[in-house]
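Trainee: The following block contains the structure, expressed as structure tokens.
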Amino acid sequence: METWKTDIVDQTPSPVTGIKVSYPKFKTRFGTFISFKNGVWNTIKRVYNSELLKVINVPVLKAHFIYGVTGCVKHYMGIGSDKLTDHGTHKSVGKGGMGTEMVETRMPTLNVLDAIWVNANPGKGPRTSYDDATRVNVILASRDPVALDYWASKYVLMQAARALGFKDLSHIDPDNTASGAFGEWLRLSMEELKKAGYQATVNEDQMNVYVSNLL
């Protein structure tokens, strides 16, 4: 969609997560200038309108051989520039850096998690062929990316892995809070969101889950 693009990089790393926050500015084929952080540029008033830009975060649910699970939170790796930060963006994931990226750029208006085909092989992925993927035919949505990742990994990805016969599911378990585990960095990301005033939770008692069967 874009006809021109550049990346903005904050050279000062976050003192908590270590990420150098970065984000794109681009011009669409319709001639609209957009800053992912600041919004849509008004060429007449020469100011950004933040309210005009709404972000729908649409990742695919899959296991990740380093970070356990790729979902709504880790999908923000696609916003920052890993190359321009000397791969520091990717390294920051385990410290909650994607939470910082969301807070300091733009929170999704809605998260839609594609779990039609998933990689349910713990310790592998994110790259997955259809031959190695499992079809579970589920689509999930939430305004809270942390809650959605927690619920989807626990009740979709782990269940699919069990059905495939995998025994050790600790790598994709959102309740595994060991150092470097998925459950730990998901909570570190959550704390970044909560400090900024956003609603985020891994507490199932605070989640309302609605299931729709479209058969």
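The values are calculated or read from the model by the stated rules, or taken from the named source; none is laboratory data. Because the structure is a prediction, the values reported are computed rather than measured. A quick note on method: Cβ atoms are made from the backbone with ideal geometry, for glycine too, and the neighbour counts reach across all protein chains shown.
Trainee: Among what's in the stretch 1-54 and is among the small types (Gly, Ala, Ser) and in a loop (DSSP other than H, G, I, E, B), pick the residue that is surrounded by the fewest Cβ atoms within 10 Å (Cβ to Cβ).
Mentor: Ranking the candidates gives Gly31 first.
Trainee: Okay, next question. Cβ-Cβ below 6 Å, separation at least six or inter-chain, first residue in the stretch 62-79 and at pLDDT 95 or above, second among the β-branched types (Val, Ile, Thr) and part of a strand (DSSP E or B): which pairs?
Mentor: Listed by first residue and then by second, the contacts come to Lys62/Thr70; Lys62/Val118; His64/Thr70.
Trainee: Does Trp151 qualify as being part of a strand (DSSP E or B) and either of a type in the set (A, V, I, L, M, F, W, C) or more than 30 Å from Pro24 (Cα to Cα) (or both)?
Mentor: Numbers: part of a strand (DSSP E or B): no; either of a type in the set (A, V, I, L, M, F, W, C) or more than 30 Å from Pro24 (Cα to Cα) (or both): yes.
The answer is no for Trp151.
Trainee: In the stretch 90-122, what residues are farther than 15 Å from Val55 by Cα and in contact with a strand residue (DSSP E or B) (Cβ under 7 Å, 6 or more places away or on another chain)? Give the steps one after another, and end with the answer.
Mentor: So in the stretch 90-122, the residues farther than 15 Å from Val55 by Cα come out as 90-100, 114-122.
Asp114, Ala115, Ile116, Trp117, Val118, Asn119, Ala120, Asn121, Pro122 - these are the residues of the stretch 90-122 that are farther than 15 Å from Val55 by Cα and in contact with a strand residue (DSSP E or B) (Cβ under 7 Å, 6 or more places away or on another chain).
Trainee: Among the numbered conditions (1) modelled with pLDDT of 95 or more; (2) of a type in the set (Asp, Glu); (3) at positive phi, tell me where Asp86 comes up short.
Mentor: Condition (1) is where Asp86 drops out.
Trainee: Among the residues of the stretch 98-129, which ones are part of a loop (DSSP other than H, G, I, E, B), touching a Ser or Thr at 6+ places or on another chain (Cβ under 6 Å), surrounded by 21 or more Cβ atoms within 10 Å (Cβ to Cβ) and not small (Gly, Ala, Ser)? Break it down into steps so the answer makes sense when it comes.
Mentor: Kept after step one, since they are part of a loop (DSSP other than H, G, I, E, B), are these residues of the stretch 98-129: 105-109, 120-129.
Keeping just the survivors that are touching a Ser or Thr at 6+ places or on another chain (Cβ under 6 Å) gives 120, 126.
Filter again for surrounded by 21 or more Cβ atoms within 10 Å (Cβ to Cβ), leaving 120.
Result: no residue meets the conditions.
Trainee: For a quick check of your reading of the model, give me the residue pairs whose first member lies in the stretch 84-98 and is within 17 Å of Gly68 (Cα to Cα), whose second is basic (Lys, Arg), with beta-carbon atoms closer than 7 Å and at least 6 apart or on different chains.
Mentor: Close Cβ pairs (under 7 Å, with a partner that is basic (Lys, Arg)) amount to Val93/Lys74; Met98/Lys74.
Trainee: For the list (1) within 19 Å of Met77 (Cβ to Cβ); (2) assigned to a strand (DSSP E or B), I need the number of the one condition that Ala141 fails.
Mentor: Tallying (1) within 19 Å of Met77 (Cβ to Cβ); (2) assigned to a strand (DSSP E or B), Ala141 fails exactly one: (1).
Trainee: Now for a different question. Can you tell me how many residues within the stretch 167-198 are under 16 Å from Leu148 (Cβ atoms), part of a loop (DSSP other than H, G, I, E, B) and out of contact with any helix residue (DSSP H, G or I) (no Cβ under 8 Å at 6 or more places or on another chain)?
Mentor: Going through the stretch 167-198 one residue at a time, the tally reaches 0.
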